[in-house]
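Taking it in order: structure first as C-alpha cells, then the write-up.
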Amino acid sequence: MSSYKEKLQVKFHEEYNQLNEKQRLAVDTIEGPVMVIAGPGTGKTQILASRIGKILLETDASPGNILCLTYTDAGVVAMRKRLLQFIGPDAYKVNLFTFHAFCNEVIQDNLSLFEKTSLDPISDLEKIELFKKLIDSFPKNHLLKRYRGDVYFEIHSLDRLFSTMKKEGWSPLFINQKIDEYISDLPNRDEFVYKRRYKEFNVGDLKRDKVEEEKEKMERLRAAVNEFDHFQQLMRRHNRYDFDDMINWVIKAFEENKNLLADYQERFLYILVDEYQDTSGTQNKIVELLINYWERPNVFVVGDDDQSIYRFQGANVENMLAFTETYKDDLLKVALVNNYRSVQPILDTSKTLIDRNNERLINKVEGLSKDLIASNIKIRHLTYKPLVRSYETQRQEMIDITKQIENLVAQGISPSRIGVIYKENKYGDELIQYLKLRKIPYYSKRSLDIFEIPLAKKNYLDTEISRLRTRHPLQRR
C-alpha cells in the first residue's frame, strides 16, 4: 500500500470511528442508489465527506470520478473544508459544485457547442430595465397594463414567475394547459360550491361571483405566462442571460448531444447530491440525465423534506417519492435520527409542530422514522424546555427582550453568548435601537440591500424623475 493510501486510511478511520451505526450504513453502501433522510443536526456533511473517503479507499475511482452537487456556495465550502481534514490536497480534485457552477463548467468546457461566448450575465438593474421595456410594450388591452399608480407594479411578480418557470422547466404551453384544466375543474372544487342553503342558493349551486373572480385571476396569470418568450427575446437582443438559463442550456445540450452526455456519464462514476429536498425540477433533471445510463447507478442523495426552504413542500415530497419509486428494487433508505445540535425538549417540541404536516415523507414511505434523539454527550443532560411568551404589541416584546438581555449581562454572562433569532431584518434593525439605548453591545451579520439605504433611495428616485422628464418634458406655464 502506498504511503498516500496509508495516510488516507488513518485519517479516514479517525473520522469513521466517530460515526454512529446508521451513519456507517450510509457510508459503507457505496454501490447502488442510496437515499439518506438527514434531520437537522444529524451530521449529513460528515457522512458525505466520509463516503467520498470510503470510495477513494476501497475502489479504483480517482477524485475526478466523483461528483458532489449541492444547493449553495456555503455547502461547497463546508464540504471542501471537511474533506481537507482527512483526504488532504485531493479534496481539491473532487468535483464539488453548486448546480449552477457545474452547468457553467460544462458550458465553458464545450463552448463550441453552446455558442454563448457573446452573452454576459444580467445584473439586477439591467433586469429591471428589461422588465420595464417589456411592460412598456404591452398593448392597450393587455390585462397587466396599468395606467394609474405604479405602472411597473408587476415587475417583481413577473420576475418570480419567469424564474420559477425556468427552475421547474415549465413551458408557457404547459402552464396554459394547466390553467385550462384548472378552470374547467372549478365547478368540481368544494370552495366554489355552496355546502348549505344560502339566501336564494341551494346546496350544490356554484358561487358564480367567486368562480368569475378566480377565472379573472387565472387569465391574468395566462397573460403573464405568455410574456415569457418575449422577455427571453429581450434578454437575447441585449446579449444577456441569468443563472437559471445555464441549467436549461445544459439540459438541452445533454438531450440533443448524446456523445456529450455519455462523456459526463462515463466520467462521473459516483454522484452525490446534498440538500436534495431543495433541488428544482431542472436541477433534478440534470441528476437524472447523469445517472440514467446505469440501471443501478451509484447515486447518493441526502435531504430532509422537513427542512425545505426553497420550494413548495408538496413538490419536494414528489421529487423524493419519485426517486424512491424509480429505484425501489435496489434503493437503500437510511433515516438519521441522532441529533448532535439540540437538547431533547427542543426536539420534542419541534416534533409536535412538524407532525401537523401530513405531506411528510415518513407518511408516504414505509419503514421511515424521524423521531430525533438528542445525542450530544456534552449537552444531552440539559432539560430546559422552550418558554413561550406572548405580548400585546411588538414594542412590549422588544422592551422585554432588551430587559432580559440586560439582566443576563448583569449576572456576568458575556453578550457574545446571548443570541436573538428573528424572522425579518427590519425586526433586528429596530431591536438594535433598544439595545443602543441601554448601551448593550451587539453584533449583527446580515447582507445589506443598497437600495434600502435612504440616500440610495433618494438618488434612485431623483434619477428616475430626471429620466421621466427627459422622456416626457414638462411644459412650463
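The values are calculated or read from the model by the stated rules, or taken from the named source; none is laboratory data. Since the model is a prediction, treat every value here as computed from it, not as a measurement. Every residue, glycine as well, gets a Cβ built from its backbone with ideal geometry; the counts of neighbours run over all protein chains shown. To get the accessible areas, we keep the full protein, side chains included, count just its heavy atoms, and leave off ligands, DNA and RNA. Shrake-Rupley method; radii C 1.70, N 1.55, O 1.52, S 1.80 Å.
So the values come out like this:
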| quantity | calculated |
| --- | --- |
| Read-out semi-axes √(5λ) of the Cα gyration tensor in Å, derived from the coordinates shown; its label in (i) 42, 34, 28; (ii) 34, 28, 21; (iii) 31, 29, 25 | (i) |
| Cα gyration tensor category, rounded, prolate or oblate, for the stretch 17-128 with a/c compared to 1.5 | prolate |
| Exposure of Asp124 as accessible area (Å², to 10), given a probe of 1.4 Å and all protein chains | 120 |
| Gain on full stretching of the segment that runs from Ser171 to Asp400 - 0.36 nm per residue minus C-alpha separation | 77.3 nm |
| Calculated FRET efficiency for the pair Leu119/Asp28, C-beta based, R₀ 51 Å, to 0.05 | 0.70 |
| Ordering of 90-102, 328-340, 200-212, 423-435 by packing [mean C-beta count within 10 Å, highest first] | 90-102, 328-340, 423-435, 200-212 |
| FRET efficiency estimate (nearest 0.05) - Cβ-Cβ, Arg189 to Arg356, R0 22 angstrom | 0.40 |
| Integer Hz, Karplus 6.51/-1.76/1.60 couplings in order for the stretch 117-130, x for Gly and Pro | 5, 8, 8, 10, x, 7, 8, 4, 5, 5, 5, 4, 4, 5 |
| Overall form of the stretch 22-80 per C-alpha gyration tensor (a/c, 1.5; a/b vs b/c) | oblate |
| All-pairs alpha carbon distance profile, the stretch 371-452, 5 Å steps from 0, percent | 3, 10, 19, 20, 18, 13, 11, 5, 2, 0 |
| The stretch 236-301-the stretch 12-26 distance, computed between alpha-carbon centres (Å) | 30 |
| Long-range HN-HN contacts of Val273 with modeled amide H, under 5 Å | Leu69, Phe300, Val301, Val302 |
| Accessible surface of the stretch 240-380, 1.4 Å probe, proportion on carbon and sulfur as whole % | 48 |
| Simple spin-label estimate for Leu111 and Glu288 in nanometres, 7 Å along Cα-Cβ | 3.2 |
| Vicinal HN-Hα couplings computed from phi for the stretch 20-37 (Karplus, 6.51 cos²θ - 1.76 cosθ + 1.60; Hz; Gly/Pro x) | 8, 4, 6, 5, 5, 4, 5, 6, 6, 7, 8, 9, x, x, 9, 10, 10, 9 |
| Derived scalar couplings ³J(HN,Hα) [the stretch 171-187; Karplus, 6.51 cos²θ - 1.76 cosθ + 1.60; whole Hz; x for Gly, Pro] | 8, x, 4, 4, 5, 4, 5, 5, 5, 4, 4, 5, 5, 5, 8, 3, x |
| Theoretical gain in end-to-end length, Ala322 to Arg341 [0.36 nm per residue, Cα-Cα removed] | 3.8 nm |
| The chain - accessible surface per residue (Å², probe 1.4 Å) | 61 |
| Relative contact order of the chain, defined on C-alpha pairs under 8 angstrom at six or more residues apart (%) | 20 |
| Interchain or long-range residues, amide H under 5 Å from Asn338's placed H | Ile373 |
| Long-range HN-HN contacts of Val193 with modeled amide H, under 5 Å | Lys207 |
| Residues Ser444 and Asp371, FRET efficiency given R0 of 51 Å [Cβ-Cβ distance, rounded to 0.05] | 0.90 |
